[in-house]
1. State whether the residues of the stretch 53-69 include one that is of a type in the set (Lys, Arg) and closer than 26 Å to residue 18 by Cβ.
2. Scan the stretch 20-36 and give yes if some residue there is loosely packed, with under 11 Cβ neighbours inside 10 Å, hydrophobic (A, V, I, L, M, F, W, C) and in contact (Cβ under 8 Å) with a residue 12 or more places away in the chain, otherwise no.
3. Out of all the residues in the stretch 55-93, which are among the hydrophobic types (A, V, I, L, M, F, W, C), over 30 Å from residue 131 (Cβ atoms) and surrounded by 10 or more Cβ atoms within 10 Å (Cβ to Cβ)?
4. Please go through the stretch 38-84 and pick out each residue that is touching a residue at least 12 places away in the same chain (Cβ under 8 Å) and closer than 30 Å to residue 124 by Cα.
5. Collect the residues in the stretch 2-18 that are among the hydrophobic types (A, V, I, L, M, F, W, C) and without any contact (Cβ under 8 Å) to a residue 24 or more places away in the chain, keeping them in residue-number order.
6. Please find, among 89, 31, 49, 3, the residue that is among the aliphatic types (A, V, I, L, M), assigned to a helix (DSSP H, G or I) and not assigned by TED's automatic domain parsing to the domain that holds residue 176.
Amino acid sequence: MILAQTPYPGLNIPNSDMCTPGQLLDFLAPLGGQMLVETLRNRVFAPPLEDVGWYGKNISEAELKHAPKIQKGDSHIDWDTWTADEILLRSRVLGDLWDNITWRKSISDKGIDHTSLPPKRTIFHGFEEWQNTDFGKLSKTDDSSFFLATRENPPKILRVTSCTVEGGKKGTGSREIIANLEKFAESDVGTHLRCIEV
């Protein structure tokens, strides 16, 4: 039984394309509090109870979006199928994302078979889409950035803003991965490439 709800067609979420869970909570919390106060003030909880109905019954099944339960696997990056947009969306909505391949790839781009290395989980605390492809120039001034190239066509570049490598201190993973890239960079390259093709 539904005792109170916002009027049809619901609420317009501000900046819905970029809204984070925290921003959504900040928007909805005062409205929920106001609805609770009105519900108590109007005593709609006291018998006889009146079902106000659900306006969703007026929406076609195709328009309804059923959200599955979020599980840990939903934050495991699938580099074979996820686009940069999907990664950015999941990072914004779910928070930390992770994979078992980035660390291995950081030390295996020079002919080492990364599948022969033990897996280490990399937990990504944030990404941003990157338009500039001059990684060498950036590497001279920024010692905490590395980049991932997606497998979509054409590939997009994501800058890792912060990460943790399994067994390491939170937020220090970028330094370890960059050190790997520098160590295994070819000696004749003036500035190492900080972009991993995953």
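1. First, pick out the residues of the stretch 53-69 that are of a type in the set (Lys, Arg): 57, 65, 69.
After this cut, where a residue has to be closer than 26 Å to residue 18 by Cβ as well, the list is 65, 69.
Yes, the stretch 53-69 contains a residue that is of a type in the set (Lys, Arg) and closer than 26 Å to residue 18 by Cβ.
2. no
3. Looking only at the stretch 55-93, we keep the residues that are among the hydrophobic types (A, V, I, L, M, F, W, C), and these are 59, 62, 64, 67, 70, 77, 79, 82, 84, 87-89, 93.
Now drop any that are not over 30 Å from residue 131 (Cβ atoms), which leaves 59, 62, 64, 67, 70.
Listed by number, the residues that qualify are 59, 70.
4. As a first pass, look at the stretch 38-84 and keep what is touching a residue at least 12 places away in the same chain (Cβ under 8 Å): 38-39, 44-45, 49-55, 58, 70, 74-77, 79-80, 82-84.
Of everything in the stretch 38-84, those that are touching a residue at least 12 places away in the same chain (Cβ under 8 Å) and closer than 30 Å to residue 124 by Cα turn out to be 70, 74, 75, 76, 77, 79, 80, 82, 83, 84.
5. Within the stretch 2-18, the subset among the hydrophobic types (A, V, I, L, M, F, W, C) is 2-4, 11, 13, 18.
Of everything in the stretch 2-18, those that are among the hydrophobic types (A, V, I, L, M, F, W, C) and without any contact (Cβ under 8 Å) to a residue 24 or more places away in the chain turn out to be 11, 13.
6. Values: 89 fails: not assigned by TED's automatic domain parsing to the domain that holds residue 176; 49 fails: assigned to a helix (DSSP H, G or I); 3 fails: assigned to a helix (DSSP H, G or I).
Answer to the selection: 31.
One line per residue, one yes/no per condition, for (1) under 30 Å from residue 103 (Cα atoms); (2) modelled with pLDDT of 90 or more; (3) in contact with a Leu (Cβ under 9 Å, 6 or more places away or on another chain); (4) of a type outside the set (A, V, I, L, M, F, W, C):
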| position | (1), (2), (3), (4) |
| --- | --- |
| 1 | no, no, yes, no |
| 30 | no, yes, no, yes |
| 33 | no, yes, no, yes |
| 60 | no, no, no, yes |
| 66 | no, no, no, yes |
| 75 | yes, yes, yes, yes |
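The values are calculated or read from the model by the stated rules, or taken from the named source; none is laboratory data. Note that the structure is predicted; figures quoted are calculated from it, not measured. Positions of Cβ are backbone-derived with ideal geometry, glycine not excepted, and every protein chain shown enters the neighbour counts.
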